[in-house]
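The values are calculated or read from the model by the stated rules, or taken from the named source; none is laboratory data. Remember, it's a predicted structure, so these values are computed and weren't measured experimentally. Here the Cβ is made from the backbone with ideal geometry for all residues, glycine too, and neighbour counts use every protein chain on show.
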Amino acid sequence: MRKNLLILGVIAVAAYLVGVESAKSRGRNYEDLRHQLERLWTSPDAKRSRRRLAKRARKSIEQTRKALLGK
């Protein structure tokens, strides 16, 4: 599980860096991209979606644990 999260994190950082370089090459300020990401991260809709996904993930993990351990 940690390996998957690490891979996902590396991919996210790489995508961010590629996006920044792409924005710089087009003459746009990379700050625009950073501010867009901040707005996306802090928006109420995004927060609700992250909470909902985390809740579903916890529920799924618990169901899988019960199925595997028989408890």
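A few points about this structure:
- Pairs, first surrounded by 10 or more Cβ atoms within 10 Å (Cβ to Cβ) in segment 42-71, second outside any helix (DSSP H, G or I), C-beta under 8 Å, six or more apart: Arg65/Lys71
- Qualifying positions in segment 1-41 - hydroxyl-bearing (Ser, Thr, Tyr) and either surrounded by 10 or more Cβ atoms within 10 Å (Cβ to Cβ) or at pLDDT 90 or above (or both): Tyr16, Ser22, Tyr30
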